[in-house]
Amino acid sequence: MSDKTKILNVELADKSYPIYIGTDLLSLNSLMTDHIEGKQVMIVTNTTIAPLYLEKLKAALEGFNVESVVLPDGEKFKTLETLNKVFDALLKAKFDRSSTLVALGGGVVGDITGFAAASYQRGVNFIQVPTTLLSQVDSSVGGKTGVNHELGKNMIGAFYQPKAVIIDVDTLDTLSEQEYSAGMAEVIKYGLLGNADFLSMLEDNIESIMARNKDLIIEIIFNSCQDKASIVALDEFERGKRALLNLGHTFGHGIENAFGYGNYLHGEAVSIGMVMAAKLSMDEGHLSNEDAIRVENILSKANLPIAIKKSIDSETLIEAMSLDKKSIDGKIRLVLLKALGESYLTDSYSKENFNGVVNNFCH
Ligand code: NAD
Ligand code: GLY
């Protein structure tokens, strides 16, 4: 492991686990094997990632009984049917309760694999090897796993923590510009919701970050994971503070839903959602106009959208937002900003201000 590798821990008592962030970690045998208990290892990946990284990972697992299952690529395959393919592979290979699942891929593969690990024979070990920026800063950490239902996103799932998260930033070399930017939305989110110093660091270095300077990538992933890990350690099951991680997400899920999946990447919808949350926070008397412009500027410099591209009517968007599972008793709960770097959860914002912001973005 190189000196540059950073390690941090998600502190969850007997479920605590390390996150490793560095270069060339995929081929490091010891890192993986330290977190595998039995001999049976099932790598779950998809048709895009398998040709790029599967053989490399298999080589690092020499000495184990390694099998793999290659899933179709895409959010539309994040279903119970695809999950069943993982169970089919595990059962055909006669894997038992001592087996370990390794998720090699982005958030879709990670969420499916985690849920498969939570439910196969009532729970087996799993390791996250995230390969998109979004999954490296968000979905691989914290133990939310699951699949979509045709009536709602991520509606079927479990909280189930991995044994380790291994983040090899070299995998980002093959990630498209658009997916990289989508991951940046979640990185910027951490600055906005609770870490003003991190936000300033991102503003100062955004050009080099977008040019994929590796030292900076390691630093921003470390900061993001550290912020997420500390929130998850306080509130694993989202009974309170963890909901702050949904800044921009309720608006964002509404946009994803209203346009239909595939029109916006998750991170792109969250980017617009964070601008909407900032505008509402301004109207609620917390942010200045300059603050709201700072939010737009940093997202624009990360090549993210800050407005809805085609107009939809506000009723459709509000209806789509209320489908989000963060709504309680029909009330749309939102994460708003008291200041840049300080967020709060509320359902008692002014309805008039809320409608005003939605109307402005929809027309
Ligand atoms: P994704 O998994 O669909 O990956 C995006 C695309 O990049 C896919 O086509 C994938 O095959 C490809 N890809 C992945 N790694 C690559 C690489 N290194 N090189 C080239 N291509 C690569 O999307 P995502 O943005 O990683 O994750 C989105 C999913 O994560 C959503 O389903 C969302 O619900 C979920 N999510 C979960 C959590 C959580 O806490 N569990 C948090 C945020 C998002
Ligand atoms: N992505 C939000 C969470 O993990 O809680």
Practice problem: Could you please let me know if residue 257 is within 21 Å of residue 148 (Cβ to Cβ), away from ligand 2 (no atom under 12 Å from the Cβ), in contact with a Leu (Cβ under 7 Å, 6 or more places away or on another chain) and of a type in the set (S, T, N, Q)? | Solution: yes
Quiz item: Which of the residues that make up segment 46-70 are basic (Lys, Arg) and under 23 Å from residue 82 (Cβ atoms)?
Solution: 58
Quiz item: What is the residue count in segment 159-184 for residues that are touching an Asp or Glu at 6+ places or on another chain (Cβ under 8 Å), near ligand 1 (Cβ under 10 Å from one of its atoms) and hydrophobic (A, V, I, L, M, F, W, C)?
Solution: 2
Quiz item: Limited to segment 98-156, what total is found for residues that are surrounded by fewer than 24 Cβ atoms within 10 Å (Cβ to Cβ), within 9 Å of ligand 1 (Cβ to nearest atom) and charged (D, E, K, R)?
Solution: 1
Exercise. Mind listing whichever residues of segment 177-234 are open to solvent by less than 40 Å² (accessible area, probe 1.4 Å), polar (S, T, N, Q) and under 21 Å from residue 22 (Cα atoms)?
Key: 181, 223, 224
Quiz item: Any idea which of (1) open to solvent by 20 Å² or more (accessible area, probe 1.4 Å); (2) touching a residue at least 40 places away in the same chain (Cβ under 8 Å); (3) over 25 Å from residue 149 (Cα atoms) is the one residue 79 doesn't satisfy?
Solution: (3)
Quiz item: Quick one: residue 74 ticks every box in (1) open to solvent by 40 Å² or more (accessible area, probe 1.4 Å); (2) of a type in the set (Gly, Ala, Ser); (3) at positive phi bar one, so which box is it?
Solution: (1)
Quiz item: Right, residue 257: away from ligand 1 (no atom under 13 Å from the Cβ), modelled with pLDDT under 95 and surrounded by fewer than 23 Cβ atoms within 10 Å (Cβ to Cβ) or not?
Solution: no
Quiz item: What are the residues in segment 84-116 that are in a helix (DSSP H, G or I) and either touching a Pro at 6+ places or on another chain (Cβ under 8 Å) or more than 24 Å from residue 183 (Cβ to Cβ) (or both), if any?
Solution: 84, 85, 86, 87, 88, 89, 90, 91, 92, 107, 110, 114
Quiz item: Of the residues that make up segment 128-135, is at least one hydroxyl-bearing (Ser, Thr, Tyr) and more than 25 Å from residue 38 (Cα to Cα)?
Solution: yes
Quiz item: Can you name the condition, by its number, that residue 326 falls short on among (1) modelled with pLDDT under 95; (2) under 19 Å from residue 192 (Cβ atoms); (3) open to solvent by less than 20 Å² (accessible area, probe 1.4 Å)?
Solution: (3)
Exercise. Would you mind telling me which numbered condition in (1) at pLDDT 95 or above; (2) within 15 Å of ligand 1 (Cβ to nearest atom); (3) surrounded by 24 or more Cβ atoms within 10 Å (Cβ to Cβ) residue 276 fails?
Key: (2)
Quiz prompt | Residue among 53, 17 that is closer than 22 Å to residue 138 by Cα and within 16 Å of ligand 2 (Cβ to nearest atom) | solution = 17
Quiz item: Could you say whether any residue in segment 47-54 is open to solvent by 40 Å² or more (accessible area, probe 1.4 Å) and within 30 Å of residue 235 (Cβ to Cβ)?
Solution: no
Quiz item: Could you say which residue among 306, 298, 318, 293 is of a type in the set (Val, Ile, Thr) and modelled with pLDDT under 95?
Solution: 318
Quiz item: Residues 141, 124: which one is within 16 Å of ligand 2 (Cβ to nearest atom) and either out of contact with any strand residue (DSSP E or B) (no Cβ under 6 Å at 6 or more places or on another chain) or touching a residue at least 40 places away in the same chain (Cβ under 8 Å) (or both)?
Solution: 141
Practice problem: Sort out which residues of segment 308-318 are open to solvent by 40 Å² or more (accessible area, probe 1.4 Å) and either hydroxyl-bearing (Ser, Thr, Tyr) or closer than 20 Å to residue 335 by Cβ (or both), and write them in order of number. | Solution: 311, 316, 318
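The values are calculated or read from the model by the stated rules, or taken from the named source; none is laboratory data. Remember, it's a predicted structure, so these values are computed and weren't measured experimentally. Positions of Cβ are generated from backbone atoms using ideal geometry, with glycine treated the same way; all protein chains shown enter the neighbour counts. Please note that ligands, DNA and RNA were not included when accessible areas were found on the heavy atoms of the full protein model with its side chains. Shrake-Rupley method; radii C 1.70, N 1.55, O 1.52, S 1.80 Å.
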